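A short reminder: the numbers here are calculations on the coordinates, not readings from a lab. It should be emphasised that the depicted structure is a prediction, and the values quoted were computed from it without experimental measurement. Heads up, the Cβs are rebuilt from the backbone with ideal geometry, glycines too, and the neighbour counts pull from every protein chain shown.
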Amino acid sequence: MGFDPNEPEQRRRLRAAIRAADIPVSDLWLKYFSLSGDAGEYEVEAYLQGLLSLPPVQRDLLALAANELIDDLPRPRAPYSDDFPGSSDAPGPSAEGPGGGGDGTGRRTEPDE
């Protein structure tokens, strides 16, 4: 395997992404392995520390695993006025947009037939 000039930057950004999302290396490795990654957990740790090089396909699987874990993280949402207890104001915007199939709480409601 030859030297890839993009590998150090790809490693740095992967490390920054999992650190910012507070994803443990063990979780990253498990997701990577479930996506058919070949490297063991210790090899992934060594790669992240810059002690081991990985082929592009394995680096891309690590990036995919990290991105899927990041996408699964719960994110805070801004509340609507009717999300607060005791609120009797008009319902907020529906999750489906204007005119839309929602009840203001983000839950989809079906029209009565």
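Across the stretch 35-45, coupling constants 3J(HN,Hα) worked out from phi with the 6.51/-1.76/1.60 Karplus curve, θ = phi - 60°, read 8, 6, x, 8, 6, x, 4, 5, 5, 5, 4 Hz, and Gly and Pro carry x.
Couplings 3J(HN,Hα) for the stretch 57-66, derived from phi with the Karplus relation 6.51 cos²θ - 1.76 cosθ + 1.60 (θ = phi - 60°), are 5, 6, 5, 5, 5, 5, 5, 4, 4, 4 Hz, where x marks Gly and Pro.
Taking the Cα centre of the stretch 1-47 as origin, sum charge times position over the Cβ atoms of Lys and Arg (+1) and Asp and Glu (-1), and report the length of that vector in debye to the nearest 20.
220 debye
A simple rule links phi to the HN-Hα coupling: the Karplus curve 6.51 cos²θ - 1.76 cosθ + 1.60 with θ = phi - 60°, which for the stretch 71-86 gives 5, 7, 5, x, 10, x, 10, 7, x, 8, 4, 7, 7, 8, x, x Hz, with x for Gly and Pro.
Length available on full extension from Gln49 to Phe84: 0.36 nm per residue minus the Cα-Cα distance, which gives 8.0 nm.
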